Every structure is written in C-alpha cells, then in structure tokens.
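Taking it in order: structure first as structure tokens, then the write-up.
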Amino acid sequence: MSFWEVILQQIINGLILGSFYALIALGYSMVYGIIKLLNFAHGDIYMTGAFACLSVFGVLSGLIPGWPGIILSIVAAMIFSGCIGYLAQRFAYRPLLGAPRLSLLITAIGVSLIIYNSVMVVTNSQPLFFTSGIDNAAGIQIGNITITYIQIILISVSALLMIGLTLFIGRTMTGKAMRAISLDKETCKLMGINVNKIIGLTFIIGSALAAIAGGLACVYYGNVQYNMGYTIGIKAFTAAVIGGIGSIPGAMLGGLLLGLLEAIGTQFLGSSWKDVFAFGLLILILILRPNGLLGKSEIERM
Amino acid sequence: MSKKIIKIIAISMVLVLCVSFISGCQSREDTILIGVLAPLSGSEAVYGKDMVNCYQLAVDEINAAGGVLGKKLKLYTADDGCDPNMATQAAAKVISKGVDFVVGGYGSSAIIPTMQSFYDEGLLLLISNANSTDITKQGFNQSFMINSPGTHAVQALTELCKSLGTKKVALIHQGDAYTKNLSDICSAELPKSGFEIVAVEVMDKGAPDVSAIVTAIRNSGADFVYWCGYHADGSNVIKQLRNGGYTGEICAGDGSASVDLITACGESGEGVYLTSPPIAEFTNEAGKKFTEDYEKKFKNKPGNYASLNYDTIYILKEAIEQTGTLEMEAIRDYIQGIEFNGLSGVIKFTPDREPELSNFIILKITNGTFELVNP
C-alpha cells in the first residue's frame, strides 16, 4: 500500500467508526440540550438495541431473511430501546427534574448500571453472535483500498439520519418546542407546551437512534456483548462535548472527528497510543474552544 | 460458678474433638482422601464444575478397578471462588479435614496464597489449571504445576511459523495481564527464531472496530497475525482482517479456544490456526474415549483443560502405586522423576516442578470444525 492509499483507507475506517460515535453522540446531545442531563445510560441503551436486533432477527430470519429481515429487526430494536429510554426518563429522571443536577447525574449512573448488570446476568456474560447470511466482505476495490458495500450502507444511513434529525429539529413544531424547552422550560409551560411529553419524546428519539447504531453494529461487526456500550458510550459522550454539547451538527462533527483521529493515531502512533493521541488533541480543542466546536457560549445570569 | 461452666464446656469440647478425630481416622483407614480446590461459585463456577467432574470421573474409574493399594480414592472439594481470600479459607478447610493430597487451583492469583499453608502441613499439591510461572517461583518443593505456562504456547507458535515459512509477525492483544503477557513473550521469543515482529497492536475489550488496526497491519507487511485475546472479540478481529483485505495467515491464542469462534467467524474463519490447550477430543485416542465417557456421564462437553485434570489424578495414582506409600517425600520424589503418558500428552517436570514439555496443540479451522495439525 502506498502512503496515500493508507491515509485514504484510514480516513474511510475513521468515518465508519465516527458515524457510530456520531449516532450515539446525537442522543447525548439532544438530552443534554433539553434537560441538561448527562445521560450515562445512553451507551447501554445502544447495547440493548443491539441485543434486541439480534434476538428479533433470530426469530425473523427463518421467515424474512436478508435485508428486509434486518430492517424489520432494527425497527423492532428502535421500539424496544425507545421504550427503555422512555421508561428510564419517566421513572428515574422525571421525578428528579427539580432536584440538584448532581442527583440527576447519579441517577443516570444508576440506570446505566441497572441495564448493564441485568444484561450481564441474562446473557451470563457470554457474547452472542449474529449471522445475517449477508456477505460482509463484498465490496469495491480501488487500488489497494477496500470499501465494502455494508460500509457504504452504514455511512449513508447515518448521514440520512443526521440530515433527517436536523430537519426535524429545525423545521417541525415539535422540534421548535424542543429548542424552546432547552432555552427556558418554565416559559414553555406558560406558553402551553406539554414539556413532559416533549422531554419523553426526546428520550425516545435519542434511544431509537442509539438502537439503530446498535442494530447496525450487530450487522456490521457480528457480535454482541453486554459491555459493548461502555467504551463507545464514553467516546460518544466525548464526541458530543467536542462538537458542543446540545448542538446536533456538533455531535455529528465531534463523532466523525474522534473516529478520524483514532484511525490516524492507530496508523502513526500504534493502537496503544491512539486514545492518548485523540484525547490529547481533543483537550487542546477544548482549551481553545471551551464550548466545543459548534457550541454556543452561554452567558450565565447571576 | 461461671468458671465451672467454662471448665465443663472446655472438657466436653476436647472430648468431642477426640471422638471426632478417632471416628475420622477409623472411617478413613481404607480411603485416600484428595482435597480439591476449585471455583464452585462466582464467575468461574462453570470451569470449577468441569474440574471437579473430571477428577470425579478419574476417581470413579480407579475405584471401579479396585482402587490404589487396596484403598478407595475419595474427593473432598472446597470452593475457592477463584479469589485469594476465599482460597485461603478453602485451604484451611481442606487441611482441617485431614486430606492426604491436594489437587486443583484455577487461576494463579487464587492458588498462590494457599501454597504456604500446604507446604507447612507437608501436603503434596498438584496444580492442574493455573499456569503462571509465578507459581513455581514461590519455591515450595512439594508443589507441581501440571499445565503448560504461556512460554509453551509460544514454542508451539514458533513451530507453526517455521512450517508456514512466516517472515513478519503482527501481534494483537487486549491490554489485560493475560493477553499482554502472551504478546510480550511472543515479542521476546519469536525474533530469536528469526521472525520479525512488525506490529504490536491493542484492541480494547468490547470496542469492536479494528479496521484501523487492520490497515496498519496490512501496511506493515505482516504475513502472520497472532491474536492473543479472547474468543468474544476474536471473531471480530478475524472477520475484519479478512474483509479489510489481509491475505496472510492468522492464528489465535488459547483464550480463543472455543467452538464459538468458528460459528462467529463463518467463512472468514476457514484456515485460521489456534494454539490450543490440550482439548481431550483432539489429543489422542485415550482423549477421544475420555470425551465420550464424559459426555455420557455429565451430558455436556468436557472443558478445554479437562485432560489435565484427569491426568492429575492418574499421576497421583501412579506415584502412590509405584512407591507403595502415602509418604509425601517419597511421592514427591517419584513425581519429580515421572514420565507420564496421559490424555494431554507426555508430562515430565523440570527441576523447578514446571512441565518440561509443551502440552499445546495446533488446531486449524477446516470446513467448519477444528482439526489437529502437526507442524
């Protein structure tokens, strides 16, 4: 492989990894934007999405094999994880909305541990394997650069989802309500917006996006284990902060950037140093732009 | 008044102790009691159960054939939970039961803290499952390690690389003590045989994307990749190596020795090698027969180290029969010089009481099953 081929291949690798980070980072960012909560359970919601997709496809694959079955399974996973996200919001977070923010944060850690440990017990900490019957290796070869079809599908799906979400937040009444709540919850109540309903919806959308990421990971990587949400959850959270937490385009940018930095770091410094490299640069970005790349600087009124 | 009560209690306790001691001795005249330390609870319980099953199978066979020196063998099992604290309690339990020998030990961190107490009691200890070289470094001369240490895996790997004509090796580990140690041994040993280590990569557990590592490995020109990690993430590595355009040889370490690896890898798994522990069904004819017996009796497959557990009991049996005594020193000296032909191959010991010969075998995934290859 020539130098430029290596660079190009690593950029592709980074974009794929980055789109996973971005999809999950969206959920972090949306929830933070609307109720200022760092939803640490979000990585685990992603993991439940992957498990739901795998289980549903296990049942469906006999009847509807191939992509239609996978799409149905991912839809089922979205519903399942959306429900978990909603339930967490309804029973763990909503009662604490008026409480100090630290209590809410601890609750989020609690929810994360509950999901993580339940799945660990149910699956006996053994990995499950996904066999879709789809040829993951099929793809295009340009010189020494390999791009598989499934990678193209992955990047396109996440791009479409991000555009869709941006339009939803920017153009619809519900989106407008979400933005309004993030500015001033109390005034929104006075204006007749059903704040609880909108917050619930935010959790459902965020969780469903994580479930899509989980389902895609299930198809792309082929194995699902209880701890799969941990590292990626932290990375996605980082991506959200780098992009400017609360900002939807920021979450996408942060995710892709982190993926790219990791891939480039692996190539030039080795995989043991990739996180040091990526996070070192990210700290630098935060020093220069404390609110993240696309975050707005907030003026706190005293 | 209260002094009197205490006296009475004390005397009665001594009496109870004497009676139980005598009765214990009486019932044990015709049995040889073997203490077993195995994890029966906690995360490793599945493996502990398998250990005990194997010992029991061997003991039952020996008893059915008339026992040893006219005596029956009997197991006394204590749960070490694969945990240093629980293991020392289990050791105390086994010692107070008055066992003649001790076998077992899953996980070096659990067995090492117990070794002093067995040494003090003059109890022979055969460690069948743990394989850290730290065990023999403790220097207790009545403790033998049956399982091959990681260096032996690399010996097997070296033979494989030689037979494949490998030149450049890339290593991938998972950053934890076990897999990193294996990778370090490779980095130290393989260059001595003329192989160049061109990349050492780390894959975080549960972070499945290794495409960047794959590209780095392709760029390094490696023609052999050794995966030092566990089977949970192993299938990801193998699939992404193949999907990412890597065409050289792939070999996985013993952490990946599981049939799950085959199902999870699918097509990409074909031709992948494995430096495997001596899984009984692949080692020899006796191993195959043992596997059948085990499946018949316990309704599931024996574990990866089953052959070692089974051999451990038979080593003990041979030593008792040949020396004609239960004397620890005599049996220890006999085992030191033993050349035992068992399910896991030939077992001999170095002066440090480690196995001299590697018990690792090389398997290759062929048509969806493991197949033994002799490089």
Charged-residue dipole, Cβ positions (Lys, Arg, Asp, Glu), region B:151-276 about Cα centre, Debye nearest 20
280
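State, to one decimal in nm², a quarter of the convex hull surface area for the C-alpha atoms of chain B, i.e. the direction-averaged projected area.
Result: a mean projected hull area of 21.4 nm².
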Using every Cα-Cα pair within region A:220-302, state what percent have a distance larger than 20 Å.
41
Neighbour-count ranking [beta-carbon atoms within 10 angstrom, fewest first] of B:F118, A:F277, A:F268:
A:F268, A:F277, B:F118
What's the magnitude of the charge dipole for the protein assembly as shown around its Cα centre, counting Lys and Arg as +1 and Asp and Glu as -1 at the beta-carbon? Answer in Debye, nearest 20.
2860
Of the residues B:L343, B:L164, B:L274, which exhibits the maximal mean-square fluctuation in a Gaussian network model of chain B defined by a 10 Å Cα contact cut-off?
B:L164
Please compute one quarter of the surface area of the Cα convex hull for region B:151-276 and express it in square nanometres.
6.5
Anything over 20 Å Cα to Cα? Flag those among B:K162/B:K192; A:K197/A:K235; A:K36/A:K274; A:K36/A:K197, in the order listed.
A:K197/A:K235; A:K36/A:K274
What ranking do B:F290, A:F3, B:F298, B:F340 get, fewest neighbouring Cβ atoms within 10 angstrom at the top?
A:F3, B:F298, B:F340, B:F290
Expressed as a fraction of 2.2 N^0.38 Å, the rule-of-thumb size for a compact globular protein of N residues, what is the C-alpha radius of gyration of region B:152-221?
1.13
Over chain A, what is the relative contact order in whole percent, taking alpha-carbon pairs under 8 Å and six or more residues apart?
36
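Would you work out the relative contact order for region A:1-132, in percent, from Cα pairs under 8 angstrom that are 6 or more residues apart?
Relative contact order, region A:1-132: 28 percent.
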Crossing angle, helix B:84-96 versus chain B [Cα axis fit, 0-90 degrees, rounded to tens]
40
Residue (of B:I32, A:Q126, B:H152) at the positive-pole extreme of the protein assembly as shown, dipole from beta-carbon charges:
A:Q126
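How long are the three semi-axes of the equivalent ellipsoid for region A:139-187, computed from the Cα gyration tensor as the root of 5 times each eigenvalue, in whole Å, largest first?
40, 9, 6
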Of B:S132, B:S258, B:S163, which has the largest mean-square fluctuation in a 10 Å C-alpha GNM of chain B?
B:S163
Could you name the lysines whose alpha carbon sits less than 28 Å from that of B:K288, not counting residues in the same chain fewer than 8 places away?
B:K49, B:K72, B:K74, B:K296, B:K297, B:K299, B:K301, B:K317, B:K348, B:K364
With only Lys, Arg, Asp and Glu charged, each at its Cβ (+1 for the first two, -1 for the last two), find how big the charge dipole of region A:241-302 is about the Cα centre; round to the nearest 20 debye.
120
If one computes the Cα centroid of region A:80-143 and of region B:42-77, what distance in Å separates the two points?
43
Could you tell me how many degrees, from 0 to 90 and to the nearest 10, lie between the Cα long axis of helix B:211-220 and the main elongation axis, the longest principal axis, of the Cα atoms of chain B?
70
Considering only A:S112, B:G255, A:P249, whose Cα is most displaced toward the positive end of the charge dipole of the protein assembly as shown, charges sitting on Cβ of Lys, Arg (+1) and Asp, Glu (-1)?
A:P249
Round to a whole angstrom and tell me the spacing of the C-alpha centers of region A:225-302 and region A:4-69.
16
Diffusion coefficient in µm²/s returned for the protein assembly as shown by Stokes-Einstein, Kirkwood Rh over C-alpha pairs, 37 °C and 0.692 mPa s, is 117
Among A:L23, A:A217, A:G270, which residue has its Cα positioned farthest towards the positive end of the charge dipole of chain A, with +1 placed on the Cβ of Lys and Arg, -1 on the Cβ of Asp and Glu, and the dipole taken about the Cα centre?
A:L23
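When the helices in chain A are scored as -39500 (n - 2.57) per DSSP H run of 4 or longer and the sum is shared across all residues, what 222 nm value do you end up with, to the nearest 500 deg cm²/dmol?
-24500 deg cm²/dmol
Quick one: A:C188, A:C83, fewest Cβ neighbours within 10 Å first, how do they rank?
The order, fewest Cβ neighbours first, is A:C83, A:C188.
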Once the Cα atoms of helix B:177-189 and of chain B are each reduced to a long axis, what angle between those two axes, in degrees from 0 to 90 to the nearest 10, is obtained?
60
Mean-square fluctuation check for chain B, GNM, Cα pairs under 10 Å: which of B:G165, B:G175, B:G107 is largest?
B:G165
Using Cα-Cα distances under 8 Å and only pairs 6 or more residues apart, what relative contact order does chain B have, in percent?
15
Kindly state, to the nearest 0.05, the FRET efficiency for B:Q322 paired with B:T133, given R0 = 45 Å and r defined as their beta-carbon distance.
0.95
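Read the figures in this text as sums done on the coordinates, not as results from a lab. Since the structure is predicted, the reported quantities are computational estimates derived from the model, not experimental observations. So basically every Cβ, Gly included, is an ideal-geometry build from the backbone, and we count neighbours across all protein chains shown.
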